[in-house]
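Reviewing the structure listed below.
The values are calculated or read from the model by the stated rules, or taken from the named source; none is laboratory data. Treat the numbers as computed from the prediction; the structure is a model and nothing was measured. We place every Cβ from the backbone using ideal geometry, glycine too, and count neighbours over all the protein chains shown. Remember, those area values only see protein heavy atoms, side chains included, never the ligands or the DNA or RNA. Shrake-Rupley method; radii C 1.70, N 1.55, O 1.52, S 1.80 Å.
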Amino acid sequence: MGTRASDDVTQLLKEWSAGDSNAAAKLMPLVYEELRRLARSYVARERADHTLQATALVHETYLRLADQTQLNWKDRVHFYGIAARVMRRILVEHARAHRSTKRGGLAQKISLEEARELPAETDVDLLKLDSALESFAKDYPRKSEVVELKFFGGLDAREIAEVLQVSEKTVLRDWNFAKLWLCRALTQDAA
Amino acid sequence: MNAEAAERVAEIVEQTLELPTVERQKYVTAACGEDVDLRREVESLLALEHRARDFIEQPALAAAPEFIAGPGSALKPGENLDDYKIISLIGEGGMSEVYLADDMKLRRKVAIKLLKFGLSTASFIRHFQQEEWILAGLVHPNIAQLYGGALTAKGLPYFVMEYVDGVRLDDYCRERQLPIIQQLKLFRKIAAAVSYAHQRLIIHRDIKPANILITKEGEPKLLDFGIAKLLDPERSMAGDQTMTLAAAMTPEYASPEQVRGETMTTASDVYSLGVVLYELLTGQRPYRIKDRNPAEIARAITEQEPARPSTGCQGRWKFQTPNSESQTASWRSG
């Protein structure tokens, strides 16, 4: 007998909360698929309020994937952690693909397409940020998680505090330090 | 840097940031003491305070939701793509967008199917050009002709096809309450078109009601013949095994070998045709599927024994005229 997707996700989140790290690996593709699907519908609707999107996307993905009635807040914050990591991967993979498309000489029949605007990019080089964040994580694992949750997952300080089980003040301190450290890493890289 | 030193740097920097500007210098000097390396590290970070103020404050996604959705975004009406001028967006699926366009050279309307994902590897491009050539040779009154295909500057594949102004097979039959005999006549034409392609060793691979349109003249047209194969060999995104293109397609009409990822043959198309016909006649899918979770659908397709259509269509024709009821009866006994 089959189960519903939300049952799967709910179960996996419980297993993960209980310390089964395999559950996280199984969750990733489910979250990945739903995030992409939702993002596409967001893009299609062309929502004007872009700032809301990242957070709303994560929340909506959670609502769709998990059975609320069976989960406690701990499962939910675990989900946020997964979602942020998935978002990071999607965004970085996409940035990488985008860059190689720009470089790689495609067999192009078409040139009239050039006028088409590329999707708006953040000012940050995501690939460089991603590798800087990896180095940062070696010395500052929790702080790097704060960055992942905030920058890639779109979560606010209160939510991050719940995920990491620290105070909001700690989250803000971590964040401010991480910004300096990463900004320096990217600046040095450019120089 | 060891973990302890790293922790010390963070501590001092964080503490300093919370102090009023005038007190900072004094604090840093006191906190670092004689440790020159520590002081250099702390100061090089603090120096960036102004510069880092807005750094990564906007979530990555906020600036670019298109990132996560994939590179595809709508072509705008009036925009040119090679020899085609886009008129309007006429359809959108998970994988592609379909536009009505003007072929400016040949002065005719065409449909352009633009994939939302780039598959821009050399092997894909070779494969694409090869298949495109074979499919363009498929000329049949009940198959929407493929005129050609190419890649956009961003490496997104698109197909130029005969524009069919029509209604989906299932909607057409339901809206007109088409008698069974008429439905079967339509279906025979569809089957003949599939057979024509099969004789040329071309498999559709994605037969479903959405790919069968009925024109105003009442003629069926099969869309997207062979397109699925064009897209099949490569994954949509490198390194992610769960996100194959095939999996993203409607699996409800797929054959067991298809959902198992095994080699497809002409029999796979015949199987899908059977599912379409089943649904047409009974108003139900052959499988009892609780939701659209692809794994659940795959399980049902490979494991469930479909209910006999004759058990499924009981009551289906009750609302119809006595005439069509008698047709149902004769079809059942036949």
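Label-to-label distance for B:A3 and B:M104 is 6.5 nm, based on points extended 7 Å past Cα in the beta-carbon direction.
For the residue pairs B:K85/B:K216; B:K189/B:K216; A:K14/A:K150, the C-alpha atoms sit more than 20 angstrom apart in B:K85/B:K216; A:K14/A:K150. Our note on the geometry: Cα centres of the range B:192-229 and the range A:139-162, 50 Å apart. Both chains summed, the buried accessible area for A and B stands near 6300 Å², from protein heavy atoms and a 1.4 Å probe.
Using the Cβ-Cβ distance between B:Q284 and A:T69 with R0 = 41 Å, the FRET efficiency computed as 1/(1 + (r/R0)^6) comes to roughly 0.85. Compute log10 of I(q)/I(0) for the range B:126-178 with the Debye formula, placing one identical point scatterer on every Cα and leaving out solvent, at q = 0.26, 0.28, 0.29 Å⁻¹, to two decimals. Evaluating at q = 0.26, 0.28, 0.29 Å⁻¹ gives log10 I(q)/I(0) of -0.99, -1.06, -1.09. With the cut-off at under 20 Å, measuring from each backbone N in the range B:189-210 to a point 7 Å along the Cα-to-Cβ line of B:W133 picks out B:200-203. With every protein chain in place and a 1.4 angstrom probe, the accessible-area ranking of A:L71, B:L201, largest first, reads B:L201, A:L71. A Förster distance of 35 Å, applied to the separation of the beta-carbon atoms of B:R51 and B:R126, puts the FRET efficiency at 0.15.
For the pair B:H198 and B:E262 in one chain, pulling the backbone fully straight at 0.36 nm per residue adds 21.2 nm over the alpha carbon distance.
Label-to-label distance, A:K169 versus A:T187, with points set 7 angstrom from Cα along the beta-carbon direction: 2.8 nm. Using a Förster radius of 30 Å, what is the FRET efficiency between B:Q177 and B:K216 based on their Cβ-Cβ separation? Nearest 0.05, please. Step by step, r from the Cβ atoms, then E = 0.95. Remark on the range A:143-191: ratio of C-alpha radius of gyration to 2.2 N^0.38 Å is 1.20.
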